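Enquirer: Before anything else, here's the structure in question.
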2 protein chains.
Amino acid sequence: MSRASDQAYAKIRAHLLSGAVKAGEQLTEDQLAQITGVSRTPVREAVRRLEDELLLVRSESKRLFVADWSRNDIEEMFALRQMLECHAAERAAHRLTQAQVAELEAVNHALRAAIEQPVPDVARFLEANRRFHEAIIDAAHSPRLGQLLARLVEAPVVLRTARNYSLEDLRQSARDHDELIAAFAARDPEWARAVMGSHLRRAFHTFANTVGPATGDEEAEAA
Amino acid sequence: MSRASDQAYAKIRAHLLSGAVKAGEQLTEDQLAQITGVSRTPVREAVRRLEDELLLVRSESKRLFVADWSRNDIEEMFALRQMLECHAAERAAHRLTQAQVAELEAVNHALRAAIEQPVPDVARFLEANRRFHEAIIDAAHSPRLGQLLARLVEAPVVLRTARNYSLEDLRQSARDHDELIAAFAARDPEWARAVMGSHLRRAFHTFANTVGPATGDEEAEAA
DNA sequence: TGAACTGTTATTGTATACAAAACGCCTACG
DNA sequence: CGTAGGCGTTTTGTATACAATAACAGTTCA
């Protein structure tokens, strides 16, 4: 990838993640150019990507703001992700080679290693988790599916970094992964889909409970 | 929207649609700047959007080409669209107001008017069809769902313009829409989902049969 | 007081020039 | 012959200056 715009992308993303800016706050391309150390041209490129991922949004008049994900936004995102990723799991169950299944086992082993130590390494857990799901999506052999999921998956992980996963949550994820691997090894698409569904739905509740309660009317915002 | 980049987007799209360029052909930003009459900066913006819609693709080394949709690509796209749009229909069935249902009826009436004349007006049919599906997606009140679908739906419509829809195909679409409206009026999400599923699946076969037979191995390309 | 207008400032959009990278051809060398 | 390497050309990437547009504040007029 191109040098400056990727750098800008990574730095802006890190900047959002760092908590230095609040949701809803306005940003300008100039500010971001200063922060990233490149000119506005690659910044604009990076900003477009972040808009795609819904980390940044533009007002009607094209001014730039940090996205503010409501509980309902998160629910919606997880619902879509579940639909697409269950599909991916099903397709992957048809297609995964033994070598790829072994790779999944290795990744989940690394994931466990990140958990099972005096102080669980959440960053390493998240990275292994990302690789696990990515491998499944790749094995689904559906490039557009991968493209659609890419923009759904990253956003919430970045936005709410201060979540405290309990050790039990992390372990349950690893067990879910084990069962997914079993479904893949058995070449059972229905099983894989079902496990992926419950895995993501649980993840949603774990995640959402750290954000706040749902609003009474699911459509309050959309209207 | 911004003036020059939107203009560039529309012109490039029309240029691709016109058949003046073949699938797989290389384009350069300079060429497109000349064609559109604006500088490369807004052209690059437009190209990014067209890349998102998969009408244009870039080689590993960032050179620009007209996308070449294989039969398998089209299958994949329709499968995803079906998954998402069935979900949209289900949600819409929960949420559509009577006024919105009436609006759908009006749009489908216009769709029929475009068909039922000495020479069916396919362009008007496609436009009415687009509005019909768009209204359902809007009523689903899921902004991200709409965003994801937007980039799936347009591409194939543009790429293969020389299709010849039979009058019977067009009429069947109108009948499907009628049944969807009935499902919405009955507030029956399951019914709406099922009708949308068969509607899109039939559309897929109608569409795909004008492209060519499927390859023996679905994964031939992905690999 | 308040509502519309106008000049000022802040911000995004576009053009252009230049830098970097990739392709293709051609030559030199094994 | 075949292949590796170098050089001119093509193409994309980046910086910068300027243009257009939107927000803001201050002022005037009813």
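The values are calculated or read from the model by the stated rules, or taken from the named source; none is laboratory data. Please read these numbers as outputs of a predicted model, since none were measured by experiment. Backbone-built Cβ (ideal geometry, glycine too); neighbour counts: all protein chains shown. For the accessible areas, the whole protein counts, side chains as well, though only heavy atoms, and no ligand, DNA or RNA atoms are used. Shrake-Rupley method; radii C 1.70, N 1.55, O 1.52, S 1.80 Å.
Enquirer: Assigning unit charges at the beta carbon (Lys, Arg +1; Asp, Glu -1) and nothing else, what dipole magnitude in debye, to the nearest 20, does region B:3-66 show about its Cα centre? Display every interim value, and only then the final one.
Expert: Numbers: 11 positive and 9 negative charges, 18 e Å.
Roughly 80 debye, rounded to the nearest 20.
Enquirer: If you don't mind, another one. With the full set of protein chains in place, find how many percent of the accessible area of region B:3-66 is carbon and sulfur; take the probe as 1.4 Å.
Expert: Numbers: 1650 of 3390 Å².
Exposed carbon and sulfur together represent 49 percent of the surface.
Enquirer: Another one. Calculate the tail of P(r) for the protein assembly as shown: the fraction of all Cα-Cα distances greater than 43 Å, expressed in %. Mind showing how you got there, number by number?
Expert: On the way: 15426 of 99235 pairs.
Every Cα pair in the protein assembly as shown considered, those over 43 Å come to 16 percent.
Enquirer: Let me ask something else. Here is the link list: A:Lys62/B:Lys11; A:Lys62/B:Lys62; A:Lys11/B:Lys11. Which ones come out longer than 24 Å on Cα distance?
Expert: Values: A:Lys62/B:Lys11 22 Å; A:Lys62/B:Lys62 28 Å; A:Lys11/B:Lys11 34 Å.
Flagged as over cut-off: A:Lys62/B:Lys62; A:Lys11/B:Lys11.
Enquirer: Could you state the principal axis extents of the C-alpha atoms in region B:3-66, from the largest down, to the nearest angstrom?
Expert: 29, 25, 20
Enquirer: Right, here's the next one. Which value, in debye to the nearest 20, describes the size of the charge dipole of the protein assembly as shown about its Cα centre when Lys and Arg Cβ atoms bear +1, Asp and Glu Cβ atoms bear -1, and nothing else is charged? If you can, show how the numbers build up before the last one.
Expert: Details: 58 positive and 68 negative charges, 227 e Å.
Computed charge dipole of the protein assembly as shown: roughly 1080 debye.
Enquirer: Still on this structure, please answer the following. Using the Cα centre as the reference, give the magnitude of the dipole from point charges on the C-beta atoms of region B:40-184 (Lys, Arg: +1; Asp, Glu: -1; all else neutral), rounded to the nearest 20 debye.
Expert: Details: 21 positive and 24 negative charges, 134 e Å.
Here region B:40-184 has a charge dipole of around 640 debye.
Enquirer: May I ask you to report, in nm to one decimal and beginning with the shortest, the distances from B:Gly19 to the same position in the other copies, taking label points 7 Å along Cα-to-Cβ?
Expert: When each copy's label point is compared with this one, the spacings are 6.0 nm.
Enquirer: If you count only protein heavy atoms and use a 1.4 Å probe, how large is the accessible surface of A:Asp138, to the nearest 10 Å²?
Expert: 100 Å²
Enquirer: Here's a follow-up. Quote the total accessible area buried by chains B and A together, excluding ligands, DNA and RNA, probe 1.4 Å, nearest 100 Å².
Expert: 3000 Å²
Enquirer: List the aspartates and glutamates whose alpha-carbon lies under 14 Å from that of A:Lys22, not counting same-chain residues fewer than 8 positions away?
Expert: A:Asp68
Enquirer: Let's test the formula: R0 of 35 Å, r as the Cβ-Cβ distance of B:Arg40 and B:Asp121. What FRET efficiency results, to the nearest 0.05?
Expert: Numbers: r = 38 Å, r/R0 = 1.08.
Rounded to the nearest 0.05, the efficiency is 0.40.
Enquirer: If you line up the long axis of helix B:122-139 against the longest principal axis of chain B, both from Cα atoms, how many degrees apart are they, to the nearest 10?
Expert: So the helix axis and the longest Cα principal axis differ by about 70 degrees.
Enquirer: Ok, one more. Once region B:48-119 is represented by equal point scatterers at the alpha-carbon sites, with solvent omitted, what log10 I(q)/I(0) does the Debye formula produce at q = 0.14 Å⁻¹?
Expert: The Cα Debye sum returns log10 ratios of -0.79.
Enquirer: Could you give the accessible area per residue of region A:3-66, probe 1.4 Å, as a whole number in Å²? Walk me through the intermediate numbers first.
Expert: Working: 3410 Å² over 64 residues.
Heavy-atom SASA per residue in region A:3-66 reads 53 Å².
Enquirer: For region A:1-127, what are the per-bin percents of Cα-Cα distances with bins 10 Å wide, up to the bin holding the maximum?
Expert: Reading the bins upward from 0: 11, 27, 28, 26, 8, 0.
Enquirer: Just the number please: accessible area per residue for region A:71-208, 1.4 Å probe, all protein chains included, in Å².
Expert: Details: 5840 Å² over 138 residues.
Value for region A:71-208: 42 Å² per residue.
Enquirer: Still on this model: Give the angle, between 0 and 90 degrees and rounded to the nearest 10, that separates the Cα long axis of helix A:98-115 from the longest principal axis of the Cα atoms of chain A.
Expert: For A:98-115 against chain A, the angle is about 70 degrees.
Enquirer: If one takes the longest principal axis of the Cα atoms in chain B, at what angle in degrees, from 0 to 90 and to the nearest 10, does the Cα axis of helix B:40-52 lie?
Expert: That helix lies at roughly 40 degrees to the long axis.
Enquirer: If each DSSP helix of 4+ residues adds -39,500 (n - 2.57) and the sum is divided by the residues in chain A, what number results at 222 nm, nearest 500 deg cm²/dmol?
Expert: Numbers: 9 runs with 153 residues, N = 223.
The helix-only estimate for chain A comes to -23000 deg cm²/dmol at 222 nm.
Enquirer: For B:Ala106 and B:Ser70 in the same chain, what is the full-extension length gain: residue separation times 0.36 nm, less their Cα-Cα distance, in nm? The partial results should precede the final answer.
Expert: Numbers: separation 36, 0.36 × 36 = 12.96 nm, distance 3.57 nm.
Extending this stretch completely gives an extra 9.4 nm.
Enquirer: Taking a probe of 1.4 angstrom, what is the accessible area of A:Lys11 in Å², to the nearest 10?
Expert: Probe radius 1.4 Å; accessible area of A:Lys11 about 90 Å².
Enquirer: With the radius of gyration and the Kirkwood radius both derived from the Cα set of region A:71-208, what is their ratio Rg to Rh?
Expert: Checking Rg against Rh, the ratio lands at 0.94.
Enquirer: For B:His205, which inter-copy label distances result when the label point lies 7 Å beyond Cα on the Cα-to-Cβ vector, reported in nm to one decimal and in ascending order?
Expert: Nearest to farthest, the other copies are at 4.1 nm.
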